[in-house]
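Colleague: One structure coming up, written as structure tokens, with questions to follow.
The values are calculated or read from the model by the stated rules, or taken from the named source; none is laboratory data. Keep in mind it's a predicted model, so treat the numbers as computed, not measured. Every residue, glycine as well, gets a Cβ built from its backbone with ideal geometry; the counts of neighbours run over all protein chains shown.
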Amino acid sequence: MSAVLSRETVASNDEAARTLRRERASAGMRYAILIAVGITMLYPMIWLVGASFKSNSEIFSEVGFWPSHFDLTAYAKGWKTSTEYTFATYFLNSFLIIIPRIIVTVISCVLVAYAFARFEFTGKKLLFSIMVGTMMLPHIILRIPQYLMFKEFGWLDTYAPLIVPSAFATDTFFVFMLVQFLRGIPRDMEEAAQIDGCNALQLLWHIIVPLLKPAIISVVVFQFIWTMNDFMGPLIYLSTVEKYPVSLALKMSIGATEEVEWASVIAISVVALLPSIAVFFAAQRHFIEGAASSGIKG
Amino acid sequence: MYENKRIGFLFVLPFVLGVLGFKLFPFVMSFALSFSQYDIISPPQFVGMENYQELVKDPLFHKSLGVTLAFVALTVPMRLAFALFIAHVLNFKLRGINFFRSAFYLPSILGGSIAVSVLWRFIFSQHGLVNIVLGKFGIEPVLWLADESWSMWTIVLLNTWQFGSAMVIFLAALQNVPQSLYEAAEIDGASKMQQFFRITVPLITPVIFFNLIMQTVHAFQEFNGPYMVTEGGPLHATYLLSLYIYDQSFKFFNLGYGSALSWVMFALVVSLSAISFWSSKYWVFYSGEKEQKR
């Protein structure tokens, strides 16, 4: 009897050891894959940061990312640009678009998401499906009529076409994300507050907004980066160089001459990416979750 | 209070106005414009089907359509395959998973920017990083941007590189697959491969479906990459429909023709989505819905 028992324990010990070994090997495999893919993916960007300090000739010969000596002339040259404005102007312009846009986006999207997640009203189902539908609509189809509309309003060559639509919750991806998030929040607190005599706006401000904070951070981060990246909008609506945001100014720096001055173009590209990278790392935990749970776009 | 229809409607009002003014109205107007000839200076003229008839004969449109379909057919599966594979590798109790997740996600956040397009153009230039690395392995430099057959790959790679957004969605789905299923399969002697294709994949088909649709819609609209990196060339080898629409509309101000082109793209996206939705009943499984119908 005891012999049988001990043989079984030995067997299961063996089994356990084998499983452990297999798991270690599997974890090793996973790390190897992740590191290999990670390096392939990120090396170009790391290399470019290094390249921005290199001289023009070194750029085109070295695989290593570490420059032989740090040279900041490319940065100075790129920042000055070949136009009469420096990149300080272009960055300021970008922020003049981004900040108002983020504010109106957050306000309008939270209001609309609140309505969808918590209220009953006529046509709710229809409106909701229209919202989901517009997420799948290729927006290029709307560009021409929107252009004509904004021309009619006298908005061409101003930032209004880039900001005003967002005040009407037209970035439906965000509404959808907020609705999904709100649906996952139990209503107990709201019910309690309601009994205490809170009205709908007080509820929104004192209960909903604090709970929605992680989702709102996601909205802010995405809107920041997407607006920073936006190229076609400014390209269509802005014509005065003085009003150009960073994306257009970068395009200009590469198109101005046939002989591209790579060192300075790269240096300024690195600078152009810095705000987005900073925002990304500051808020990454919150907003990757947000992106995953409602998940779209990119 | 939540039953109060007026309050609810008040809150949703901005969206109603926004959709009507900035989406629905332009949508209808674009359809109307596609039957007209309009150059902004003189008033639009109704020309019936002329724009569409012209399309059929337009060799540049044929080229652009073919290039777009090729781009979508290459990019979407590659992106999804990479995203799912890496998500699968990440879905394990690993230390530093958050670091890897962020690292893989970063390119899809920055990838749409002009700065990255500039960098890409540089990396793939004749003496760029890619060719330097290939040279170390003794491979002849490839004219990534100037060779008709390679330039498409430059754009496809730029887009595949941005698989992170689909990956985080896959990862969230994978983490919801109950662990007990794998334990049961393990006992039954199923290999890791079998577990992946028999348990993981079927259980996340709704997410695969979702990603497939969104990535397809997204791929059709790709603009910054081909516009900045290859400028649609060489010989229109990367002249995606979005570029053609942009040129016709905002460079030559053929707004009627541009609208017709964008409606062709819209029709393509809608029909592809419709096919996916129709086929989904054969391959997408929603958990909770047991196969009782058969």
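Colleague: Before we move on, is residue A:215 small (Gly, Ala, Ser) and at the interface with chain B (Cβ under 9 Å from one of its Cβ atoms)?
Modeller: No: the conditions fail for residue A:215.
Colleague: Of all residues in region B:37-53, how many are hydrophobic (A, V, I, L, M, F, W, C) and at pLDDT 85 or above?
Modeller: 3
Colleague: Now for a different question. Please verify whether residue B:68 is more than 17 Å from residue B:262 (Cβ to Cβ), within 24 Å of the chain's Cα centre (by Cα), modelled with pLDDT of 90 or more and among the polar types (S, T, N, Q), treating the condition exactly as stated.
Modeller: Here the answer is no, as residue B:68 does not meet what is asked.
Colleague: Residues in region B:11-27: is at least one within 7 Å of chain A (Cβ to nearest Cβ), surrounded by fewer than 19 Cβ atoms within 10 Å (Cβ to Cβ) and touching a Lys or Arg at 6+ places or on another chain (Cβ under 6 Å)?
Modeller: no
Colleague: Return the residue satisfying two criteria in turn: it lies in region B:122-154 and is β-branched (Val, Ile, Thr) and part of a helix (DSSP H, G or I), and of such residues it is surrounded by the fewest Cβ atoms within 10 Å (Cβ to Cβ).
Modeller: Here the answer is B:133.
Colleague: Here is a follow-up. Can you pull out the residues in region B:167-181 that are surrounded by fewer than 16 Cβ atoms within 10 Å (Cβ to Cβ) and assigned to a helix (DSSP H, G or I)?
Modeller: B:179, B:180, B:181
Colleague: Being assigned to a loop (DSSP other than H, G, I, E, B) and over 30 Å from the mean Cα position of the chain (by Cα): is that true of residue B:40 here?
Modeller: yes
Colleague: Give B:64, B:102 a once-over and let me know the one that is free of Cβ contacts under 8 Å to residues at least 12 places away in the same chain, surrounded by 17 or more Cβ atoms within 10 Å (Cβ to Cβ) and of a type in the set (Gly, Ala, Ser).
Modeller: Details: B:64 fails: free of Cβ contacts under 8 Å to residues at least 12 places away in the same chain.
Being free of Cβ contacts under 8 Å to residues at least 12 places away in the same chain, surrounded by 17 or more Cβ atoms within 10 Å (Cβ to Cβ) and of a type in the set (Gly, Ala, Ser) holds for just one of B:64, B:102, which is B:102.
Colleague: Tally time: how many residues in region B:254-267 are in contact with a Pro (Cβ under 9 Å, 6 or more places away or on another chain) and more than 17 Å from residue B:40 (Cα to Cα)?
Modeller: Number of matching residues: 3.
Colleague: Also: When region B:146-161 is examined, which residues are found to be of a type in the set (A, V, I, L, M) and closer than 13 Å to residue B:77 by Cα?
Modeller: Correct list: B:156, B:157.
Colleague: Condition test on residue A:92, is it free of Cβ contacts under 8 Å to residues at least 40 places away in the same chain, within 30 Å of residue A:262 (Cβ to Cβ), under 22 Å from the mean Cα position of the chain (by Cα) and part of a helix (DSSP H, G or I)?
Modeller: yes
Colleague: Which one is nearest to the other protein chains (Cβ to nearest Cβ), of the residues in region A:165-195 that are within 24 Å of the chain's Cα centre (by Cα) and of a type in the set (D, E, K, R)?
Modeller: Going through the qualifying residues, I end up with A:171.
Colleague: Tally the residues that are of a type in the set (A, V, I, L, M) and surrounded by fewer than 23 Cβ atoms within 10 Å (Cβ to Cβ), restricting the search to region A:106-130. Can you show your working first?
Modeller: Within region A:106-130, the subset of a type in the set (A, V, I, L, M) is A:106-107, A:110-113, A:115, A:117, A:126-127, A:130.
So of that shortlist, the ones also surrounded by fewer than 23 Cβ atoms within 10 Å (Cβ to Cβ) come out as A:106-107, A:111, A:117, A:126-127, A:130.
Adding up the residues that qualify gives 7.
Colleague: Test residue B:90 against the stated conditions and say whether it is within 9 Å of another protein chain (Cβ to nearest Cβ) and either among the hydroxyl-bearing types (Ser, Thr, Tyr) or touching a residue at least 24 places away in the same chain (Cβ under 8 Å) (or both).
Modeller: Yes, satisfied.
Colleague: Give the residues of region B:229-257 that are within 11 Å of chain A (Cβ to nearest Cβ) and among the aromatic types (Phe, Trp, Tyr), sorted by residue number.
Modeller: Of everything in region B:229-257, those that are within 11 Å of chain A (Cβ to nearest Cβ) and among the aromatic types (Phe, Trp, Tyr) turn out to be B:244, B:246, B:250, B:253, B:257.
Colleague: Moving on to the next point. Of the residues A:170, A:158, A:122, only one is under 30 Å from residue B:215 (Cα atoms) and either in a loop (DSSP other than H, G, I, E, B) or outside the structural domain of residue A:276 (by TED's automatic domain parsing) (or both); which?
Modeller: A:170
Residues checked against (1) crowded, with 17+ Cβ neighbours inside 10 Å; (2) at the interface with another protein chain (Cβ under 10 Å from one of its Cβ atoms); (3) more than 20 Å from residue A:148 (Cα to Cα):
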{"position": "B:223", "(1), (2), (3)": "yes, yes, yes"}
{"position": "B:259", "(1), (2), (3)": "yes, yes, no"}
{"position": "B:268", "(1), (2), (3)": "yes, yes, yes"}
{"position": "B:274", "(1), (2), (3)": "no, no, yes"}
{"position": "B:281", "(1), (2), (3)": "no, no, yes"}
{"position": "B:286", "(1), (2), (3)": "no, no, yes"}
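Colleague: What pairs can you find where one residue is in region B:208-235 and assigned to a loop (DSSP other than H, G, I, E, B), the other is of a type in the set (D, E, K, R), and their Cβ atoms are less than 7 Å apart, with a gap of 6+ or different chains?
Modeller: So the pair list comes out as B:234/B:148; B:235/B:148.
Colleague: Could you please find all residues in region B:43-88 being of a type in the set (Val, Ile, Thr) and either under 30 Å from residue A:32 (Cβ atoms) or not in a loop (DSSP other than H, G, I, E, B) (or both)?
Modeller: Residues satisfying the conditions are B:56, B:67, B:68, B:72, B:75, B:76, B:86.
Colleague: Return the residues of region B:67-87 that are surrounded by fewer than 17 Cβ atoms within 10 Å (Cβ to Cβ) and at the interface with chain A (Cβ under 9 Å from one of its Cβ atoms); say none if nothing qualifies.
Modeller: Within region B:67-87, just B:85 meets the criteria.
Colleague: Continuing with this model, one more query. Scan region A:196-215 for residues that are in a loop (DSSP other than H, G, I, E, B) and crowded, with 17+ Cβ neighbours inside 10 Å and jot them down.
Modeller: A:198
Colleague: Going residue by residue through region B:185-206, is there one that turns out to be closer than 27 Å to residue B:267 by Cβ, at pLDDT 85 or above, part of a helix (DSSP H, G or I) and within 14 Å of chain A (Cβ to nearest Cβ)?
Modeller: Checked against the condition, which is being closer than 27 Å to residue B:267 by Cβ, at pLDDT 85 or above, part of a helix (DSSP H, G or I) and within 14 Å of chain A (Cβ to nearest Cβ), region B:185-206 yields at least one hit.
Colleague: With the structure loaded, tell me whether residue A:218 is in the same structural domain as residue A:90 (by TED's automatic domain parsing) and either touching a Phe, Trp or Tyr at 6+ places or on another chain (Cβ under 6 Å) or not in a helix (DSSP H, G or I) (or both) or whether it fails that test. Working first, answer last.
Modeller: On the way: in the same structural domain as residue A:90 (by TED's automatic domain parsing): yes; either touching a Phe, Trp or Tyr at 6+ places or on another chain (Cβ under 6 Å) or not in a helix (DSSP H, G or I) (or both): yes.
Taking the combined requirement at face value, the residue satisfies it.
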